[in-house]
Amino acid sequence: MKKKILNITILSVFIIIVLSILNEEEDKKSLLNKNYSHTIAKVISKDFTGKIYGIKYCYYINSKYYTGVKSTPNSENFLDKYFVLKYSKEKNDISEIYLNNEVLDSLKIVNAGFKLKKSKYNVRTGEYEIIDYTNQ
């Protein structure tokens, strides 16, 4: 009898945890769909957790730095590229990156808070040299 009660208790706790996770995801979707805006995000790293490939990205809202993650099977193709990002105006850390919508316009990238690499041409070597490199 005690074992049955223990099993029911464990099952109940598991169900409550799963429902709370599902509810949290639903809340995020709701926030992203009712009061949102768009900006630009940069993919800053690729991750592999167990069997899931993914990317980590960063973005700026009012000069504040945020990060997010997204699972994707071909994370290698996105590294150091910029994409359109949808974020919640209520909770800026809730976001969704659109990996099918790459941003190439350097003016838009700079206006979104990122610094680009600066380079100068070296006449002796015939190559461009990076003179100011920032990670973002």
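Between I44 and V69, the distance separating the two model label sites (each 7 Å from Cα on the Cα→Cβ line) works out to 1.4 nm. Close amide-amide hydrogen proximity is noted between D47 and G54, I55, K56, each under 5 Å apart and 5 or more residues distant or on a separate chain (H modeled in the peptide plane; Pro and chain starts excluded). The phi torsions of region 102-118, fed into the Karplus equation with coefficients 6.51, -1.76 and 1.60 and a -60° offset, translate into couplings of 6, 10, 10, 6, 5, 5, 5, 5, 5, 5, 7, x, 8, 9, 9, 5, 10 Hz, rounded to whole numbers, with Gly and Pro shown as x.
Computed from the coordinates by the stated procedures, all read-outs in this text should not be read as laboratory data. Because the structure is a prediction, the values reported are computed rather than measured. Neighbour counts are summed over all protein chains in view; Cβ atoms, including those assigned to glycine, are modelled from backbone coordinates with ideal geometry.
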